[in-house]
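> My structure is below; once you've seen it, I'll send some questions.
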């Protein structure tokens with residue numbers, strides 16, 4: 001066989017191999033944010049006591065959420081690793097430590113939601129209600145975590161630029177921004193707006209990498 005024929009056959013083999021590799025390359029997945037509306041966080045069935053402002057008819061149970069499924073998890077599974085975070089009033093828990101049997105962690109980062117393109121690999125905190133300094137990974141109280149409370153209007157307002165970063169029970173990553181604490185997300189909520197209904201957007205990276213893109 002001549003050298004020229006050998007060269008042609010070799011080049012044909014290389015081209016065919018490259019074409020096969022290109023064909024088998026997975027199509028890149030572009031992550032987009034998902035908005036979850038009106039997640040009930042134990043809204044009071046009997047309204048609020050006009051004397052002391054306390055909610056009437058609450059269950060004191062948390063509404064549990066899984067970033068993997070993008071859905072609410074039944075409270076019957078609260079003792080499992082099926083959920084990542086839970087909501088009750090303005091309190092948000094993670095499935096770890098004193099709040100659940102999982103290994104989820106979270107922290108609040110200051111930044112622009114769309115500009116946080118990579119999840120940190122460290123810094124995630126577990127819930128520890130025995131701690132006097134930081135009992136929850138996502139802090140409670142006006143100005144401490146994700147919201148401000150106005151005593152003059154009795155309105156809860158998400159703080160712009162506060163993004164909650166989560167390491168899930170399956171060691172995957174998510175970023176979440178709370179958009180509203182009121183049912184149907186009124187543009188200008190008032191003390192007559194129906195509260196304890198979260199609307200939030202999130203990006204979940206389920207591949208095991210830290211990239212939010």
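The values are calculated or read from the model by the stated rules, or taken from the named source; none is laboratory data. From a predicted model like this one, the values you see are computed outputs, not experimental measurements. Please note: Cβ atoms are built from the backbone with ideal geometry, for glycine as well, and neighbour counts cover all protein chains shown.
> Only residues that are within 15 Å of residue 155 (Cα to Cα) and surrounded by 10 or more Cβ atoms within 10 Å (Cβ to Cβ): list them for region 44-53, please.
48
> Exactly one condition in (1) touching a residue at least 60 places away in the same chain (Cβ under 8 Å); (2) touching a helix residue (DSSP H, G or I) at 6+ places or on another chain (Cβ under 7 Å) is false for residue 67; which is it?
(2)
> To continue, here is another question. Given the criteria outside any loop (DSSP other than H, G, I, E, B), surrounded by 15 or more Cβ atoms within 10 Å (Cβ to Cβ) and in contact (Cβ under 8 Å) with a residue 40 or more places away in the chain, does residue 106 qualify?
Yes.
> Quick one: in region 78-89, which of the residues that are within 15 Å of the chain's Cα centre (by Cα) and not in a strand (DSSP E or B) is farthest from residue 159 (Cα to Cα)?
Selected residue: 82.
So that you can scan it fast, the table gives a plain yes or no per residue for (1) at negative phi; (2) in contact with a helix residue (DSSP H, G or I) (Cβ under 8 Å, 6 or more places away or on another chain); (3) surrounded by 12 or more Cβ atoms within 10 Å (Cβ to Cβ); (4) not in a strand (DSSP E or B):
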{"position": "122", "(1), (2), (3), (4)": "yes, no, no, yes"}
{"position": "127", "(1), (2), (3), (4)": "yes, no, yes, yes"}
{"position": "133", "(1), (2), (3), (4)": "yes, no, no, yes"}
{"position": "140", "(1), (2), (3), (4)": "yes, no, yes, yes"}
{"position": "143", "(1), (2), (3), (4)": "no, no, no, yes"}
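> Is there any pair linking a residue in region 31-57 that is within 29 Å of residue 209 (Cα to Cα) to one that is modelled with pLDDT under 95 and part of a loop (DSSP other than H, G, I, E, B), with Cβ under 8 Å and at least six apart or on different chains, and which?
31/213
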